[in-house]
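Below: one structure, written as structure tokens.
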Amino acid sequence: MIKKNLMLVFALGATFTYAQNIELPTEFISNTTLGGVNSGLPANVQGSPYANEEFVLGKVYAKGQDPYNGLLRYNAYQDGIEMKTDKGIITLLKRDYLSAVIEGKHYRIENYKKNGAIRKTYFVEMNKGNARLLLKQSKKFVEERAATSSYSKDKPAKFEDDNSYYIITEGNPGIEIKLKSKDVISALPDHQKEVEVFAKKNKLKMKTEEEVIQVLAYYNSL
């Protein structure tokens, strides 16, 4: 259960050291948690707001420093990385210079474009290079629905996956795409012709993450 109003009163630059092998500078941690995500929800709610329900040993990275170990999970409903400590659950600050690896997935804060505005969120980085494929892990909450007739049944509240993909190039915000050739090629305007020829030659329809990453590897070699 996430504790509300968890106050962290330590001098700047001090470190937390807990039994769970967590050593994280206080300036990396939010003074408030995400809040009790499960509070007020029906008892029979289905699914989970988390990408990984259980806390697992992961690493927090800060530029210019060695990684910090921690018990981590990603809250895909509220877009935050939570850390379990012997003093409760705390939240990593959402900063460009901080990232985390959880279950082999690298979570990074990146800019993306949505409805004409530039925003920031956690993405899972799928590859390295000038052009990268990003996975946005999201959860949406669906309210419970009562049966509308004697022939139907009540539907309990639930969390559903609402994932999406983006392509980001150096110096530009991420652009949302579908896993299909038209979207991928249009997200790479400076080498569209070359990418199209490469994909056709190698019979890549870009309907899978692997095929898109293969195309981006070629693009990054140009």
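Here are some notes:
- If you sort S48, S186 by accessible surface, 1.4 Å probe, largest first, the order is S186, S48.
- Residue-level accessible surface for V124, protein heavy atoms, 1.4 Å, Å²: 10 Å²
- Per-pair calculated FRET efficiency, R0 = 25 Å: D86 and D66 via Cβ, rounded to 0.05: 0.70
- Annotation for the stretch 115-171: trypsin sites (Lys or Arg not before Pro) lying in DSSP loop with at most 12 further Cβ atoms inside 10 Å of their Cβ are K128, K153.
- With a Förster radius of 25 Å applied to the C-beta separation of D161 and N130, the computed FRET efficiency comes to 0.30.
- The GluC sites (Glu not before Pro) of the stretch 74-120 meeting both criteria, a DSSP state outside H, G, I, E and B (loop) and at most 15 other C-beta atoms within 10 angstrom of the site's C-beta, are E103.
The values are calculated or read from the model by the stated rules, or taken from the named source; none is laboratory data. What you see is a predicted model, and the numbers here were worked out from it, not measured in a lab. Note that we place each Cβ from the backbone using ideal geometry, even for glycine, and neighbour counts take in every protein chain shown. Please note that ligands, DNA and RNA were not included when accessible areas were found on the heavy atoms of the full protein model with its side chains. Shrake-Rupley method; radii C 1.70, N 1.55, O 1.52, S 1.80 Å.
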